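**Q** Could you have a look at this structure, given as structure tokens, before my questions?
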């Protein structure tokens with residue numbers, strides 16, 4: 001996640017090894033300063049008065065994530081009851097998504113470089129019901145930590161066989177499944193020597209529009225996660241752990257790919273979904 | 001109540017453009033259609049600067065006020081109205097949808113579309129509504145009796161009702177600061193929406 005503008009020219013001569021790397025400036029905080037900000041918030045949270053409920057969501061205002069400073073609303077959101085279309089979600093079906101879009105390793109003429117993985121899990125609503133026939137979208141960096149995106153300035157190689165984007169529909173059990181390669185970590189400009197932990201971006205719809213969720217899936221044991229101003233904006237340790245996939249050897253396929261499981265829980269629906277909600281998504285099957 | 005705690009949101013980041021937009025995403029109906037209406041605006045940050053890397057989604061009922069459950073948003077056939085669209089802001093922070101005016105979803109209800117905004121710097125998506133103004137699908141009585149609008153002061157209400165902009169409707173989205181859009185949260189969502 002770099003700034004939206006291309007790298008500013010620097011007065012110092014860039015080195016050959018880091019052709020587009022901005023030189024540190026006095027305004028740029030260090031990882032130690034950012035980590036101190038994060039730890040202060042974590043300690044304040046751990047010391048919250050007994051009986052204070054655990055936080056389940058990401059913090060909105062999070063100063064360690066510098067891009068948030070001018071973008072997060074100052075006012076608390078206004079409470080309202082859902083009405084009309086808000087009680088429903090958009091409907092996607094077989095016309096919208098080709099099943100081949102769930103395999104990010106077959107979009108080029110050859111095999112992408114990197115560690116081939118399967119990522120699968122169930123999408124559930126807050127009452128434990130599977131979210132069926134719904135759109136799931138993913139995007140990610142390649143194995144070297146580089147996005148196809150034109151604004152990605154990281155001098156790591158692009159992979160001609162990997163775009164890093166995919167889609168699928170959940171099945172009758174709420175299960176999604178993607179085949180891809182494990183993304184690499186990559187640097188960004190939040191502070192000096194800032195690196196994002198390896199992650200896959202995910203977009204989910206529920207059965208009503210208030211459940212709309214865009215988030216990121218992380219990998220187990222990533223040492224960068226605790227240093228990252230985006231992942232740590234989820235302060236509660238249990239809530240943060242819900243963004244981390246589990247390695248699952250039963251999903252690992254011999255001679256082919258390692259397997260990760262990541263179940264996703266949306267917020268509660270405001271309307272009990274009916275079986276015939278599926279009619280449009282599954283056509284004659286519903 | 002909620003049996004299982006929800007998965008937290010994370011920012012959409014700056015690199016979604018190859019994944020989330022699709023050709024025709026913002027044209028819920030072809031622009032040349034007689035009853036097509038343009039709904040557009042600028043997304044601005046707390047410094048008043050346009051946000052060139054936001055993604056806006058629109059979800060609405062049809063002109064008859066009924067919820068649409070038609071697939072095909074990602075491959076529009078030119079005939080089916082799906083009620084859902086998506087638009088990445090351009091370099092000037094502008095978004096623009098071509099759609100049909102939503103009807104009242106209940107007797108006497110004020111018609112609106114629901115918008116969600118994603119952007120780098122927003123750790124979680126924002127939700128709001130854009131109400132149809134008087135004379136363009138909205139009525140004085142319906143707007144005055146709307147449960148949300150009637151709970152707001154004039155300044156807050158003004159951020160939710162579209163302005164008439166010639167043949168189009170305009171709804172700027174201010175993330176933060178003066179003129180900040182009234183962002184919404186609903187029952188069953190964690191604190192902060």
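**Q** Using a 10 Å cut-off around each Cβ, can you sort A:230, A:106 from fewest to most neighbouring Cβ atoms?
**A** Values: A:230 25, A:106 14.
Ordered from fewest to most neighbouring Cβ atoms within 10 Å, A:230, A:106 come out as A:106, A:230.
**Q** Next question, about the same structure. For the protein assembly as shown, give the share of DSSP beta bridges that are antiparallel, in percent and rounded to the nearest 5; count only bridges with both residues there.
**A** 75
**Q** Of A:248, B:141, how do they rank once you tally other Cβ atoms within 10 Å and put the fewest first? Each step should come with its number before you reach the end.
**A** Working: A:248 15, B:141 11.
In order of increasing Cβ crowding within 10 Å: B:141, A:248.
**Q** Continuing with this model, one more query. Could you tell me the convex hull volume per residue, in Å³, taken over the Cα atoms of the stretch A:152-207? Before the final figure, lay out each step's value.
**A** Details: hull volume 6.9 nm³, N = 56.
It comes to 123 Å³ per residue, whole-number rounded.
**Q** Sticking with this one: If you take the beta carbon distance between residue A:94 and residue B:167 as r and set R0 to 30 Å, what does 1/(1 + (r/R0)^6) give as a FRET efficiency, to the nearest 0.05? Walk me through the intermediate numbers first.
**A** On the way: r = 36 Å, r/R0 = 1.21.
The calculated FRET efficiency here is 0.25.
**Q** Hey, another quick one. Using only the alpha-carbon atoms, what does the stretch B:1-62 span along each of its principal axes? Please give whole angstrom values in decreasing order.
**A** 47, 35, 24
**Q** What is the spin-label model distance, in nm, from residue A:246 to residue B:49 if the labels are put 7 Å beyond Cα along the C-beta direction?
**A** Label at residue A:246, label at residue B:49, 4.4 nm between them.
**Q** Can you put A:177, B:91, A:71, B:86 in order, fewest other beta carbons within 10 Å first? Walk me through the numbers before you get to the answer.
**A** Details: A:177 15, B:91 9, A:71 26, B:86 22.
Ordered from fewest to most neighbouring Cβ atoms within 10 Å, A:177, B:91, A:71, B:86 come out as B:91, A:177, B:86, A:71.
**Q** On to the next question. Could you state the number of Å between the C-alpha centres of the stretch B:59-77 and the stretch A:176-245?
**A** 31
**Q** If you don't mind, there's one more thing I want to ask. Can you compute the helix-only [θ] at 222 nm over chain A? Use -39500 (n - 2.57) per DSSP H run of at least 4 residues, normalise by all residues, nearest 500 deg cm²/dmol.
**A** Numbers: 3 runs with 25 residues, N = 286.
When only DSSP H runs of four or more count, the value is -2500 deg cm²/dmol.
**Q** I need the P(r) histogram for the stretch A:70-147: all alpha carbon pairs, bin width 5 Å from 0 out to the longest distance, whole percents.
**A** All Cα pairs considered, the percentages come to 3, 8, 13, 16, 14, 15, 13, 10, 6, 2, 0.
**Q** Still on this structure, I have one more. So for the stretch A:166-280, what are the equivalent ellipsoid semi-axes in whole Å, largest first, each being the square root of 5 times an eigenvalue of the Cα gyration tensor?
**A** Values: eigenvalues 160, 81, 31 Å².
Sorted largest first and rounded, they come to 28, 20, 12 Å.
**Q** Let me ask something else. Once the convex hull of the C-alpha atoms of the stretch B:68-193 is built, how many Å³ does it hold per residue, rounded to a whole number? All intermediate terms of the calculation are to be shown ahead of the outcome.
**A** Working: hull volume 20.3 nm³, N = 126.
It is 161 Å³ per residue.
**Q** While we're looking at this one, here's another question. Viscosity 1.002 mPa s, temperature 20 °C: what is the translational diffusion coefficient of the stretch A:78-231 from Stokes-Einstein with a Kirkwood Rh over Cα pairs, rounded to a whole number of µm²/s? Let's see the in-between values first.
**A** On the way: Rh = 17.0 Å.
So the translational diffusion coefficient is about 126 µm²/s.
**Q** A follow-up question, please. Where the eigenvalues come from the Cα gyration tensor of chain A, what are the semi-axes √(5λ) of the equivalent ellipsoid, largest first, in whole Å?
**A** Values: eigenvalues 219, 144, 63 Å².
Over the Cα atoms of chain A, the ellipsoid semi-axes are 33, 27, 18 Å.
**Q** Plugging the Kirkwood radius over Cα pairs into Stokes-Einstein for the stretch A:30-120, at a temperature of 20 °C and a viscosity of 1.002 mPa s, what D comes out in µm²/s?
**A** Values: Rh = 19.3 Å.
This corresponds to a translational diffusion coefficient of 111 µm²/s.
**Q** Consider all pairwise Cα distances in the protein assembly as shown and report the whole-number % of them above 36 Å. Numbers along the way, then the final one.
**A** Working: 31477 of 114481 pairs.
The proportion of pairs with Cα distances above 36 Å equals 27 percent.
**Q** Across the residues of A:151-160, average count of Cβ atoms on other protein chains within 10 Å? Write down the numbers at each step before the final one.
**A** Numbers: counts 4, 2, 0, 0, 0, 0, 0, 0, 0, 0.
Mean inter-chain Cβ contacts per residue within 10 Å come to 1.
**Q** Out of every Cα pair in the stretch A:194-237, what percent are spaced more than 15 Å from each other?
**A** Working: 476 of 946 pairs.
Cα-Cα pairs in the stretch A:194-237 separated by more than 15 Å: 50 percent.
Every number in this text was worked out from the coordinates using simple rules, so none of it is lab data. All values reported here derive from a predicted model rather than from experimental measurement. Virtual Cβ from ideal backbone geometry, glycine too; neighbours counted across all protein chains shown.
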